[in-house]
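The values are calculated or read from the model by the stated rules, or taken from the named source; none is laboratory data. Remember, predicted model here, so these are calculated numbers, not experimental data. Virtual Cβ from ideal backbone geometry, glycine too; neighbours counted across all protein chains shown. When the accessible area is computed, the model is the full protein with side chains, heavy atoms only, and any ligands, DNA or RNA have been set aside. Shrake-Rupley method; radii C 1.70, N 1.55, O 1.52, S 1.80 Å.
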Amino acid sequence: MAKSALQIARAGYKAKMPKALTGNLTIKEGDPTQSVADHDDIRHLFPNTYGMPIVTFVESSEEKKYPAMNVGVILSGGQAPGGHNVIAGLFDGIKRLNKGSRLFGFLLGPGGLIEHNYMELTAEIIDEYRNTGGFDIIGSGRTKLEKKDQFDKGLEILKKLDIKALVIIGGDDSNTNACVLAEYYKHKNTGIQVIGCPKTIDGDLKNEMIETSFGFDTACKVYSELIGNIERDCNSSRKYWHFIKLMGRSASHITLECALQTQPNICLISEEVEAKKQTLDDVVNYIADIIAKRAENGDNFGTILIPEGLVEFIPAMKNLITELNDFLAENIEEFSLIKKIKYLTEKLKPENAAIYASLPENVARQLAMDRDPHGNVQVSLIETDKLLIEMVGRRLDHMKNEHRYVGKFSAQSHFFGYEGRCAAPSNYDADYCYSLGYAAAILIGEGKTGYMASVRNTTAPADEWIAGGVPITMMMNMERRHGELKPVIQKALVDLNAAPFKKFAADRNTWAMKTDFVYPGPIQYFGPTEVCDQPTKTLLLEQGVE
Ligand code: FBP
């Protein structure tokens with residue numbers, strides 16, 4: 001495999017680890033835990049894995065002996081920088097417990113377990129992938145692992161390979177399913193353990209015990225570099241408004257973090273739009289007013305950050321999307337796209353049909369396209385950036401006619417998402433992921449199941465990080481999903497009362513009028529620690545460090 005100079009140099013990077021993981025250790029168990037809500041329902045659904053204690057690894061003088069064990073690993077869902085280091089940490093961890101341990105990777109996501117597609121991950125393979133981005137070591141996929149027949153199919157291959165434990169690296173849904181699987185295998189007395197790892201660039205799998213999901217740090221740094229470059233271009237030619245849509249599915253954590261890093265003129269946060277019950281017109285007017293005010297100062301340029309899930313948080317758009325989802329779920333194969341759009345306009349409730357008809361043609365088409373495997377609209381395919389450019393343009397024309405706008409509006413649109421998901425992990429993600437994988441190995445060695453590997457205190461130097469495991473049931477509540485009440489890990493959206501949003505809200509008016517851009521530059525892998533090891537601003541503010 002041909003390699004870049006950075007790849008070669010980076011392969012030798014030694015991930016920093018919590019002190020407790022570097023020598024002999026023992027486990028400290030806390031008090032029994034409870035789910036975040038709906039205790040009785042969750043306890044009832046998880047009789048074998050509910051209420052387990054939080055586990056912390058602490059240094060010890062005693063050397064423990066562990067038997068050799070075979071372990072399986074799955075990468076689930078969207079790529080996130082650092083996945084390869086989780087696997088490297090897991091590999092090194094099980095080998096440290098016993099040299100005879102072996103690691104098997106199931107190919108292309110949970111589907112690999114069900115279809116019995118796997119490969120053994122040897123030391124040579126692992127070494128090729130240390131500190132690299134991507135999930136290509138074994139590939140990833142979005143097959144949902146949630147049905148008993150899938151669990152039983154999985155059990156066949158796990159037994160055949162004599163696998164003691166399965167590690168599922170995924171987001172909130174995949175970890176919810178990991179917990180259901182752990183419960184099922186325990187209930188069936190299979191002796192097979194299941195451990196989860198918190199992954200997603202979206203940053204929405206976090207809580208009191210899980211500080212962040214891996215990949216968020218690197219992805220935000222990549223996007224912030226690109227936004228900074230655009231800001232500098234924008235400030236050089238002073239002739240464009242750049243509308244930049246950012247990935248993150250429903251949550252606006254990525255957009256908020258990028259705003260804190262780059263100080264754009266305008267940044268929309270979906271959770272705020274929903275809390276204030278804003279309409280699409282409100283959002284368009286907000287943007288147009290700032291553009292008009294800047295034009296009064298002769299500034300016909302700027303940058304606007306837009307979270308990809310925005311349209312789902314505008315109540316009227318949300319109603320429209322819900323009706324479209326239900327309708328398309330039943331009639332999905334019937335029509336060509338063109339016919340579908342025509343048919344939809346006639347069949348939708350009048351209020352939804354009116355909004356649908358008012359949308360630019362490309363957005364109407366995107367909303368009518370096929371759904372993802374879970375029946376949801378694929379928000380990353382909706383060109384919210386272009387929708388807003390068109391609507392803001394119309395609004396500014398109107399304002400010009402009323403002599404309320406004196407400028408010239410010329411816009412460029414961008415979408416940053418896939419650019420950041422497979423970047424070489426930052427030091428933070430490289431270290432965090434390696435420690436998560438290593439922690440998963442220890443949890444397996446200690447016989448735990450239904451736990452998520454956890455590494456905390458990550459704004460401190462790595463040797464002070466706290467590693468251990470958190471029972472997944474502790475993060476659960478009951479939620480309605482596709483009409484059914486289900487136990488799920490509570491998704492963390494942007495908290496409007498927390499420090500990161502408050503800091504943004506306090507500064508945004510200044511950023512709107514003044515050109516106060518910050519140019520973060522590319523991720524640095526070698527150099528002074530204040531340049532290379534900075535966690536996200538979100539994490540620093542949440543931990544009260546900044
Ligand atoms: P996960 O939640 O699986 O980590 O994926 C996150 C994400 O990158 C979202 O930000 C984005 O909306 C989505 O995946 C895109 O999905 P796909 O890779 O299937 O196009």
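Computed from backbone phi, the HN-Hα couplings of the range 427-434 come to 4, 4, 5, 4, 6, 4, 5, 4 Hz, rounded to whole numbers (Karplus: 6.51 cos²θ - 1.76 cosθ + 1.60, θ = phi - 60°; Gly and Pro given as x). In order along the range 137-153, the phi-based Karplus estimate (6.51 cos²θ - 1.76 cosθ + 1.60, θ = phi - 60°) of 3J(HN,Hα) comes to 4, 10, x, 10, x, 10, 4, 7, 9, 9, 10, 4, 5, 5, 4, 5, 4 Hz; Gly and Pro are listed as x. The lysines within cross-link reach of Lys19, meaning a Cα-to-Cα straight distance under 25 Å and a gap of 8 or more places when in the same chain, are Lys28, Lys64, Lys65, Lys95, Lys99, Lys199, Lys206, Lys448, Lys537.
What part of the accessible area of the range 424-544, given as a whole %, is carbon or sulfur when the probe is 1.4 angstrom?
Values: 2270 of 4620 Å².
Heavy-atom surface of the range 424-544 belonging to carbon and sulfur, 1.4 Å probe: 49 percent.
With the Cα gyration tensor of the range 491-546 giving a ≥ b ≥ c as the square roots of its eigenvalues, does the rule (a/c under 1.5 for rounded; else a/b larger than b/c for prolate; else oblate) give rounded, prolate or oblate? It would help to have the intermediate numbers written out before the result.
Details: a/c = 2.47, a/b = 1.27, b/c = 1.95.
Taking the square roots of the gyration eigenvalues as a ≥ b ≥ c, the range 491-546 is oblate.
Going by the alpha-carbon gyration tensor, a ≥ b ≥ c the square roots of its eigenvalues, is the range 191-265 rounded (a/c under 1.5) or, if a/c is not under 1.5, prolate (a/b greater than b/c) versus oblate? Prolate is the answer for the range 191-265, as a/c is 1.5 or above and a/b outweighs b/c.
Going by average Cβ neighbours within 10 Å, how do the peptides 340-351, 529-540 rank, with the highest at the top?
The most tightly packed comes first, giving 529-540, 340-351.
Counting only protein heavy atoms and a 1.4 Å probe, tell me what percentage of the range 1-131's accessible area is made up of carbon and sulfur. Mind dumping the intermediate values first?
On the way: 3270 of 6280 Å².
Solvent-exposed carbon and sulfur of the range 1-131 make up 52 percent of the total.
Of the GluC sites (Glu not before Pro) in the range 1-85, the ones in a loop by DSSP (not H, G, I, E or B) with at most 11 other beta carbons within 10 Å are Glu62, Glu63.
Using a 1.4 Å probe, what is the accessible area per residue for the range 249-299, in Å²? Numbers along the way, then the final one.
Numbers: 1640 Å² over 51 residues.
Each residue of the range 249-299 exposes 32 Å² on average to a 1.4 Å probe.
Close amide H pairs (under 5 Å, H built 1.01 Å from N) link Arg456 with Ile466, Ala467, residues at least 5 positions away or on another chain. Taking Lys and Arg as +1 and Asp and Glu as -1, the other residues whose beta-carbon sits under 15 Å from that of Ile114 total +2. Rolling a 1.4 Å probe over the protein heavy atoms gives the range 71-152 an accessible area of 35 Å² per residue. Extending 7 Å from Cα along the Cβ direction at Lys28 and again at Leu381 yields two label points whose distance is 5.0 nm.
Scanning residues 5 or more positions from Asn98 or on other chains, none has an amide H under 5 Å from its amide H, with H placed 1.01 Å from N in the peptide plane.
Name the shape class, rounded, prolate or oblate, that the alpha-carbon gyration tensor gives for the range 1-147, where a ≥ b ≥ c are the square roots of its eigenvalues, rounded holds for a/c under 1.5, and otherwise prolate holds if a/b is larger than b/c and oblate otherwise. Walk me through the intermediate numbers first.
Numbers: a/c = 1.91, a/b = 1.25, b/c = 1.53.
In terms of gyration-tensor shape, oblate.
The value given for the chain is a Kirkwood hydrodynamic radius of 24.6 Å, derived from the mean inverse Cα-Cα separation. Near the amide H of Lys486, within less than 5 Å, lie the amide hydrogens of Glu479, Arg480, Arg481, all on another chain or at least 5 residues away, with H placed in the peptide plane.
In order along the range 80-92, the Karplus-derived 3J(HN,Hα) couplings, from 6.51 cos²θ - 1.76 cosθ + 1.60 at θ = phi - 60°, round to 8, x, x, x, 5, 6, 4, 5, 5, x, 5, 4, 5 Hz, and Gly and Pro are given as x. Gyration tensor analysis over the Cα atoms of the range 344-439 returns equivalent ellipsoid semi-axes of 38, 24, 10 Å (largest first, whole Å). Loop-located GluC sites (Glu not before Pro) in the range 175-229 (DSSP state other than H, G, I, E, B) with a sparse environment of at most 13 neighbouring Cβ atoms within 10 Å: Glu208.
Would you mind telling me the share, in percent, of accessible area of the range 237-356 contributed by carbon and sulfur at probe 1.4 angstrom? Roughly 50 percent of what the probe reaches on the range 237-356 is carbon or sulfur. Helix 384-401 axis versus longest C-alpha principal axis of the chain: approximately 20°, rounded to the nearest ten.
The ellipsoid that matches the Cα gyration tensor of the range 1-72 has semi-axes, each √(5λ) in whole angstrom, of 37, 21, 14, with the longest given first.
Go ahead and estimate [θ] at 222 nm for the chain from helices alone: -39,500 (n - 2.57) per DSSP H run with n ≥ 4, summed, over the residue count, rounded to 500. Show your work: numbers first, answer last.
Working: 22 runs with 239 residues, N = 546.
Helices in the chain give a 222 nm mean residue ellipticity of -13000 deg cm²/dmol.
Entry comment: accessible area of the range 355-497 is 39 Å² per residue, from protein heavy atoms only and a probe of 1.4 Å.
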